[in-house]
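Before any comments, here is the structure.
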Amino acid sequence: MPVDLLDLNRIPRHIACVMDGNGRWAQTRGLPRTEGHRAGEHSLFEVVDASLEIGVEWLTVFAFSTENWRRPRDEVRFLINFNEEILVRRRDELNERGVRIRFVGRRDWRVPKRLIRRMDEASGLTAKNRTLTFTIAFNYGGRAEIVDAVRRIAASGVAPEKITETTIARNLYDPEMPDPDLVIRTSGEYRISNFLLWELAYSELVFTDTPWPEFQRREFFAAIREFQDRDRRFGGVDGGD
Ligand code: IPE
Ligand code: IPE
Ligand code: MG
């Protein structure tokens, strides 16, 4: 779908993507699953480019879940190294384009120190940028995020009756991040897989059969068009105020 079919006055402020289907894409081509992850880099930057083009303010991608440690050790190692490599290879270009890089996820012992250093370098380098905030969810789980928020709240000693939805939202990994307006999941799986559980309470969900390595800008725009055709009511009624 070409960009001119979009209503540029109603671009979602925050789009989140579950980049799924890399492994199957590779396997149907007789390639190792890791080649699918490699091929997914192109789609990721198509989506970043397209977001910059139409003025999306926040883009969040699911790169590695708290459950993905269950994968074969070689695939896990590949994903860690590949994420690190992309950060180093692409950070300057993203910085020049006004992209602020951020991370959400648990920084536990399983995430190598070197990757954490690279994450801090990339977010430090781009901290002042404002054009697009590009958040990478790594070792991220929606339930883990809520548990971590509850732990912080409990440790602060706040009285239980003082805890509100705002208290929880302020203790999530990135309290500044607005809730996603649109969540896109590729590769024909109709589930959330522990992504942004708290934040997506009222997000519009778009699912596509296309595997992530084949997801291109025109399909990204089609998902946004679908979003623009939806009627968001947030529990109210049409025409109400
Ligand atoms: C998504 O693709 C990338 C990650 C989860 C890291 P998958 O690796 O899940 O690919 P499929 O779903 O097995 O095809
Ligand atoms: C979700 O995809 C996680 C990422 C895209 C990083 P999975 O492929 O891990 O999810 P399931 O296992 O199909 O639910
Ligand atoms: Mg998958």
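The values are calculated or read from the model by the stated rules, or taken from the named source; none is laboratory data. Source: prediction; values computed, not measured. Backbone-built Cβ (ideal geometry, glycine too); neighbour counts: all protein chains shown. These area figures cover heavy atoms from the full protein model, side chains too; ligands, DNA and RNA do not enter into them. Shrake-Rupley method; radii C 1.70, N 1.55, O 1.52, S 1.80 Å.
Each residue of the range 4-19 is assigned a 3J(HN,Hα), and the resulting list reads 6, 8, 8, 8, 5, 8, 10, 7, x, 6, 10, 10, 10, 10, 9, 7 Hz, derived from the Karplus form 6.51 cos²θ - 1.76 cosθ + 1.60 (θ = phi - 60°), x at Gly and Pro. Dividing the Cα radius of gyration of the range 193-241 by its Kirkwood radius returns 1.05 for Rg/Rh. The Cα center of the range 141-201 and the Cα center of the range 58-76 differ in position by 18 Å. Taking only Cα atoms and a 10 Å spring cutoff, compute GNM fluctuations for the chain and point out the largest among 113, 162, 128. It is 162.
So which GluC sites (Glu not before Pro) in the range 160-202 pass both tests, a DSSP loop state and at most 16 other Cβ atoms within 10 Å of the Cβ? Loop-located and lightly packed - 176, 189. Taking amide H as placed 1.01 Å from N in the peptide plane, residue 103 has its amide H under 5 Å from the amide H of 136, each at least 5 places away in sequence or on another chain.
Between the beta carbons of residue 110 and residue 201, assuming R0 = 25 Å, the FRET efficiency works out to 0.30 to the nearest 0.05.
Helix content alone sets the calculated 222 nm mean residue ellipticity of the chain: runs of n ≥ 4 DSSP H residues at -39500 (n - 2.57) each, divided across all residues, give -13000 deg cm²/dmol.
With θ taken as phi - 60° and the Karplus curve 6.51 cos²θ - 1.76 cosθ + 1.60 applied, the whole-hertz 3J(HN,Hα) list for the range 183-193 is 10, 10, 10, 8, 6, x, 9, 9, 8, 9, 6 Hz, x standing for glycine and proline. Residue by residue, the range 202-211 carries 3J(HN,Hα) couplings of 10, 6, 7, 10, 10, 10, 10, 6, 4, x Hz when phi is fed to the Karplus relation 6.51 cos²θ - 1.76 cosθ + 1.60 (θ = phi - 60°); x denotes Gly or Pro. Annotation: amide H of residue 188 within the under-5 Å range of 208, 209, 210, sequence separation 5 or more or interchain, hydrogens built in the peptide plane. From the alpha carbon centroid of the range 81-100 to that of the range 1-35 is 19 Å. Expressed as a whole percent, the accessible surface of the range 97-241 that belongs to carbon and sulfur atoms is 50, based on a 1.4 Å probe. With N as its number of residues, the range 7-124 has a Cα radius of gyration that, divided by 2.2 N^0.38 Å, comes to 1.13. Each other residue within a Cβ distance under 13 Å of residue 186 adds +1 if Lys or Arg and -1 if Asp or Glu, for a net charge of -3.
Label-to-label distance, residue 74 versus residue 29, with points set 7 angstrom from Cα along the beta-carbon direction: 1.8 nm.
Placing +1 on the Cβ of every Lys and Arg and -1 on the Cβ of every Asp and Glu, with nothing else charged, gives the range 164-203 a dipole about its Cα centre of roughly 160 debye. Over all Cα atoms in the chain, the spread is summed up by Rg and Dmax: 18.1, 57 Å.
Surface analysis of the chain yields an accessible area of 52 Å² per residue, using protein heavy atoms and a 1.4 Å probe. Farthest toward the dipole's positive end in the range 1-124, which of 101, 12, 83, given Cβ charges of +1 (Lys, Arg) and -1 (Asp, Glu) about the Cα centre? Going by the Cα projections, it comes out as 83.
Of the chymotrypsin sites (Phe, Trp or Tyr not before Pro) found in the range 151-241, those that fall in a DSSP loop while having at most 10 other beta-carbon atoms within 10 Å are 190, 234.
Loop-resident GluC sites (Glu not before Pro) (DSSP state other than H, G, I, E or B) in the range 20-73 with no more than 14 further Cβ atoms inside 10 Å of their Cβ: 67. Based on Cα contacts under 8 Å between residues 6+ apart, the chain shows a relative contact order of 29 percent. Remark on residue 21: its backbone amide H falls under 5 Å from those of 212, a criterion applied only to residues 5 or more positions apart or on other chains, H modelled at 1.01 Å from N.
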